[in-house]
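Participant: Right, I'll just put the structure down here and ask away after.
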Amino acid sequence: MIDFLDHISYSNLSLFEQCPRCWLLHYKYGVDLPGSNALSLGKQVHKAIERSHLDRQIPSVDDPAYPFLAAYSQRYKSKDYDEIEKIIEVAVKHPFTDKVLPIPIQMRIDRIHKNWIHDVKTSSKKWSFEDVDGRTQTAIYAYGFREYYGWKERGVIYDVLLKRKKPTLEVFHTYVDDMMIAQALLWVWKVYEEIERTMEVGEPQNHSHKCWRK
């Protein structure tokens with residue numbers, strides 16, 4: 001067991017795959033990792049949507065996130081959800097054995113409406129259905145939903161806010177089957193066990209050769 005973690009998440013595991021050193025700095029030592037301008041704007045947009053969901057707070061018109069929230073709000077109104085900013089935490093069961101990971105997996109779902117899971121993304125490139133089908137994150141969301149509520153989701157909707165002079169919202173529907181969930185869970189187990197093996201040897205000292213944060 002990794003003593004400084006009380007849960008894992010898709011972003012946690014993904015960061016370890018990208019760079020074990022950055023993962024350690026962020027999750028053990030609390031270092032706020034640098035992000036690109038695109039990531040920074042994406043975080044601003046997500047925070048603005050979160051505040052509009054929870055507190056009905058709207059950023060000022062000169063805030064970079066404002067036009068994105070305006071595009072989002074044109075499609076989705078306050079009545080278009082059953083739950084918002086829902087934090088789900090469930091045990092991670094191995095798909096083919098009776099094993100369970102020692103810590104749960106956590107996910108924050110932007111919006112749930114009529115059993116549809118919604119995830120908001122910002123992107124500088126136009127998406128297609130190939131970009132949403134078969135995503136590991138999608139399957140993890142579906143797994144968490146089923147374990148938490150005890151029934152199957154209708155599907156997953158990606159609300160993609162395109163970074164344009166005037167941002168636009170595009171909506172993509174996708175679906176998850178049992179095989180996709182099994183594959184996603186195997187990935188979770190693989191990465192978690194790799195983290196355990198790495199930490200048993202010692203703290204990773206060097207950045208991945210592909211890490212742009214060096």
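Participant: Which number comes out as Rg/Rh for the range 119-165 once both Rg and the Kirkwood Rh are worked out on C-alpha atoms?
Facilitator: Working: Rg = 12.8 Å, Rh = 12.0 Å.
Reported Rg/Rh, Kirkwood definition of Rh: 1.06.
Participant: Okay, which of the range 160-193 sit inside 18 Å, backbone N to the point 7 Å along the Cα-Cβ direction of Ile58?
Facilitator: What the label zone holds, given the 18 Å backbone N cut-off, is 167-169.
Participant: Out of all DSSP beta bridges in the chain, what portion is antiparallel? Express it as a percent rounded to 5. Working shown, then result.
Facilitator: On the way: 18 of 27 bridges.
Here the share of antiparallel DSSP bridges comes out near 65 percent.
Participant: Set the Förster radius R0 to 25 Å, insert the Cβ-Cβ distance between Ser73 and Ser40 as r into 1/(1 + (r/R0)^6), and round the FRET efficiency to 0.05.
Facilitator: Details: r = 22 Å, r/R0 = 0.87.
After rounding to 0.05, the efficiency reads 0.70.
Participant: Here's a follow-up. Report the gain in length on full extension from Lys93 to Met1: 0.36 nm times residue separation, minus Cα-Cα distance, nm rounded to one decimal. Present the calculation step by step, with values, prior to reporting the outcome.
Facilitator: On the way: separation 92, 0.36 × 92 = 33.12 nm, distance 1.56 nm.
Stretched fully, the Lys93-Met1 segment lengthens by 31.6 nm.
Participant: Then there's this: Per residue, how many Å² of accessible area does the chain show with a 1.4 Å probe?
Facilitator: 55
Participant: Another question, then. Taking the Cα centre as origin and putting +1 on Lys and Arg beta-carbons and -1 on Asp and Glu beta-carbons, what dipole magnitude results for the range 80-214, to the nearest 20 debye?
Facilitator: Working: 22 positive and 22 negative charges, 162 e Å.
Computed charge dipole of the range 80-214: roughly 780 debye.
Participant: Give me the lysines in straight-line cross-link reach of Lys165: C-alpha distance below 26 Å, same-chain residues under 8 apart excluded.
Facilitator: Lys43, Lys47, Lys77, Lys121, Lys125, Lys126
Participant: Over the alpha-carbon set of the range 1-93, divide Rg by the Kirkwood Rh and report the Rg/Rh ratio to two decimals. Show your work: numbers first, answer last.
Facilitator: Numbers: Rg = 16.7 Å, Rh = 15.9 Å.
Value, to two decimals: 1.05.
Participant: Another question about this same structure. Against the longest principal axis of the chain, how steep is helix 66-75, in degrees 0 to 90 to the nearest 10, with axes from Cα atoms?
Facilitator: Relative to the chain, helix 66-75 is tipped by roughly 80 degrees.
Participant: Summing -39500 (n - 2.57) over the DSSP H runs of n ≥ 4 in the chain and dividing by its residue number, what mean residue ellipticity at 222 nm do you reach, to the nearest 500 deg cm²/dmol? Could you put the intermediate results ahead of the total?
Facilitator: On the way: 6 runs with 84 residues, N = 214.
After summing the helix terms and dividing by residue count, I get -12500 deg cm²/dmol.
Participant: Mind listing the Cα extents of the chain along all three principal axes, in Å, largest one first?
Facilitator: Cα spread of the chain along its principal axes, largest to smallest: 51, 42, 32 Å.
Participant: Further, regarding this structure: Measure off 7 Å from each Cα along the Cα-to-Cβ vector at Lys163 and Glu83, then give the distance between these two points in nanometres to one decimal.
Facilitator: 3.2
Participant: Between Glu196 and Glu170, what is the spin-label point distance in nm, taking each point 7 Å from the Cα along the Cα→C-beta axis?
Facilitator: Using points 7 Å along Cα→Cβ, the separation is 4.1 nm.
Participant: Roughly speaking, to the nearest percent, how much of the range 81-214's 1.4 Å accessible area is carbon and sulfur?
Facilitator: Working: 3590 of 7130 Å².
Using a 1.4 Å probe with all protein chains present, the range 81-214 comes out at 50 percent carbon and sulfur.
Participant: Right, here's the next one. For the range 87-134, take N as its residue count and report Rg(C-alpha) divided by 2.2 N^0.38 Å. Don't jump to the answer; show the numbers that get you there.
Facilitator: Numbers: Rg = 15.1 Å, N = 48, 2.2 N^0.38 = 9.6 Å.
Compared with the compact-globule rule of thumb, the range 87-134 sits at 1.58.
Participant: In the neighborhood of Gln106, defined by Cβ-to-Cβ distances under 14 Å, what is the net charge if each Lys or Arg adds +1 and each Asp or Glu adds -1?
Facilitator: With Lys, Arg at +1 and Asp, Glu at -1, the neighbours total -2.
Participant: Please identify the chymotrypsin sites (Phe, Trp or Tyr not before Pro) of the range 1-77 that satisfy two criteria: DSSP loop assignment and at most 14 other Cβ atoms within 10 Å. Which are they?
Facilitator: Those that pass, being in a loop and sparsely packed, are Phe4, Tyr29.
The values are calculated or read from the model by the stated rules, or taken from the named source; none is laboratory data. These figures come from a predicted structure and were not determined experimentally. Using ideal geometry, Cβ is built from the backbone for each residue, glycine included, and neighbour counts are taken over all protein chains shown. Protein only, heavy atoms only, side chains kept; ligands, DNA and RNA dropped before computing areas. Shrake-Rupley method; radii C 1.70, N 1.55, O 1.52, S 1.80 Å.
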